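K.L.:
Please find one structure pasted underneath; my questions will follow.
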Amino acid sequence: MARLDWRKRVVCVPSQAPGLIEASGLEPAEVEAAAWALAPCGRWHRGAGAIAIALEQLLPGGLPILRAVYALPGLHRLADAGYGWVGRNRHHLPGTAVCAIGPPAALAEPLRSELARRLG
């Protein structure tokens, strides 16, 4: 995601980052169960919806195209099922888990402030 985000619109933070769960207002079990994205309006999106929100930030124009597609009847169920499959099989997929790289840094103050601002 970071390599594709040439406009630097997405901040990816591993759930293990000290202070993140407290600052997010989410429960630890929620954070462990799925990816989450916090939209600029302060609304949390989970799982495939979070991935759609993050990916559409990479598109020119910032149009909510992926959110609109995700909201189509039945399509969000298909996307959620695909998200679940990837989650269950990620150990077979290429890539390195963030936690395998090393312990994440504590939540930086600018990010903590932005979370607080968006969450009101």
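Readers should treat all values here as calculations from the given coordinates under stated rules, not as data from a laboratory. All values derive from a computational prediction rather than experimental measurement. Every residue, glycine among them, receives a Cβ derived from its backbone with ideal geometry; neighbour counts consider all protein chains shown.
K.L.:
I'd like to know how segment 20-119 sits against the 2.2 N^0.38 Å rule of thumb: what's its Cα Rg over that expected value?
P.N.:
Cα Rg divided by the expected 2.2 N^0.38 Å: 1.18.
K.L.:
Counting each DSSP H run of 4 or more residues in the chain as -39500 (n - 2.57), what helix-only mean residue ellipticity at 222 nm follows after dividing by all residues, to the nearest 500 deg cm²/dmol?
P.N.:
Working: 7 runs with 56 residues, N = 120.
One gets -12500 deg cm²/dmol as the mean residue ellipticity at 222 nm.
K.L.:
Here is a follow-up. Measuring from label point to label point, each 7 Å out along Cα→Cβ, what is the His76 to Arg117 span in nm?
P.N.:
2.8
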